[in-house]
Amino acid sequence: MADYHIKHTTRYTYASTVIDCTNQIILYPVNDAKQVVKKHEIKISDDPVIETFTDYFGNRIGVFSLVKPHNELSIESFIDVSTHPVDTPTDTVPAEEQWKQLETISETYPYIDFLQKETFSAEEEMKKILSSVAAPINTPFHNARVLSELVYKNFEYKKGVTSVETKVDDILKLRAGVCQDFAHVLLVLLRMTGIPARYVSGYICPKNHELRGEGATHAWVEAYLPFYGWLGLDPTNNCIVSDRHVRLAVGRNFSDCTPVKGTYKGSSEHTLEVSVIIENGHIRKKEEKESMPVFTYTTKNPGISNNSYRRYLEMQQQQQ
C-alpha cells in the first residue's frame, strides 16, 4: 500500500474583469478497493456552492458559478489517498474463448461506448501495423501489452508539440507528444483490435524519478480483459498501472475527463496555470511550498469588429 498527498491547483487570470463564470470540475478521486480516499477538499475563489452529480461513466462531477465580477479564478484540490498494488491477469483461459467473450459483449453496455472507432486518414496504415504485431492467436492481455509497448517505443515523449485538441493523424505524423497523446494512440489501436478501451485521467506519483510524467496530471488507458476486468496500461512508461497511479476519472476520450472546463462573459484574453504537488505520505505539511506551474497557457484577444454585434456577443461568452 502507498500513501500520497496531492495538491492540484488550477488558476485562471483574466486580462480584464469577467462575470457569470460557470464551471464543471472533474477533480474527485475514485474511491474503491484499489484506491481509498482518506480525505479530499476543494477550495475555490469566493467559496461558491459546489453541486455534484455522477455522470454516465460513473465519475463524480462538480458544478459551480461565480456571478460577481472577478479578475482571477483559483481552484485547489487537496487529496489524501492510499493505493494498493494491482494483481495482473493470470491469462490461463484459452485465447479463442477470451476473444469470443469480447465479441459477445461488444454491443452491450458499457463496452459498446469504449469500442467506438475513430475515423482518421492513416487508418489503413495502422491496420497493417496491427496485423504485424497483434494476432487473434494471442490473448487480449498479450496483445494489449504488445500495443502499449509499440506506442512507447515508436513515439517520443516531447512537451509543447501537441495540445488537447490534436487529432490522431497529427500525432502519428509527429511521432511525438505527451501522456494524453500516447493514451490517445493506444485507445485507437486497442479498439481497432476489438478490445474495449477507456481513457483515464489522474496522477502518477514520484518515487525514484524513473517515470515520465511524475508529479503532474497524467493520462493512461484501461483495457477490458475477459475473466479479469479493467486493467490499466500506461503507454507513456510502458507499464501496468499499479499503486503509483491515482485515478480521477474515466471516459471515451480526454473531453469526457477534462479536469476543469467552463464559460464566462468577458475578454477572451486570459492565462491558465496548472501546478501539481505530490508527496509520499498522506499527512499534509504545515507549510506547503508552492511549485512553479507545470503547465501555462495564455490566450490573446483576437479583436472584435466594431460593427458586428453578433460577433461581440460570441466573444463575450468565452470557453475555458
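Bear in mind that the values in this text are calculations on the coordinates, not laboratory data. Computed from a predicted structure; not experimentally measured. Here the Cβ positions follow ideal geometry from the backbone for every residue, glycine too, while neighbour counts run over all protein chains shown.
Tabulated results
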item: Estimated FRET transfer efficiency when R0 is 30 angstrom, pair Ser106-Thr52 (beta carbons, to 0.05); result: 0.40
item: Candidates Thr83, Thr52, Thr236, ranked by Gaussian network fluctuation over the chain, Cα under 10 Å, top entry; result: Thr52
item: Links that overshoot a 28 Å alpha carbon limit, given the list Lys68/Lys159; Lys159/Lys261; Lys38/Lys265; Lys100/Lys173; result: Lys68/Lys159; Lys38/Lys265; Lys100/Lys173
item: Between 0 and 90°, nearest 10: helix 95-105 axis offset from the chain longest Cα axis; result: 40
item: Calculated FRET value between Glu41 and Lys128, using beta carbons and R₀ = 51 Å, to 0.05; result: 0.55
item: Integer Hz, Karplus 6.51/-1.76/1.60 couplings in order for region 259-268, x for Gly and Pro; result: x, 9, 7, x, 9, 7, 9, x, 4, 6
item: Exposed GluC sites (Glu not before Pro) absent - longest run of the chain, DSSP non-H/G/I/E/B, at most 15 other C-beta within 10 Å; result: 1-106
item: Rounded to the nearest 20 debye, dipole of region 95-242 from Cβ charges on Lys, Arg, Asp, Glu; result: 340
item: ³J(HN,Hα), Karplus 6.51/-1.76/1.60, whole Hz, each residue of region 106-115, x for Gly, Pro; result: 4, 10, 10, 6, x, 5, 4, 5, 9, 10
item: Under Karplus coefficients 6.51, -1.76 and 1.60, residue-wise ³J(HN,Hα) of region 135-141 in Hz, glycine/proline x; result: 9, x, 5, 9, 6, x, 5
item: Dipole of the chain, positive direction: furthest Cα of Ser255, Gly177, Thr271, with charges on the beta-carbon; result: Thr271
item: Length gained when the stretch Glu269-Leu174 is fully extended (0.36 nm per residue, less Cα-Cα span); result: 31.3 nm
item: Taking Thr10, Thr17 and counting other C-beta atoms within 10 Å, the order from fewest to most; result: Thr17, Thr10
item: Per-residue Cβ neighbour rank within 10 angstrom, fewest leading, Trp220, Trp99; result: Trp99, Trp220
item: Footprinting exposure proxy for Asp91, Asp32 (fewest neighbouring C-beta atoms within 10 Å first); result: Asp32, Asp91
item: Assigned charges on the beta-carbon of Lys, Arg, Asp, Glu; the chain dipole about Cα centre (debye); result: 540
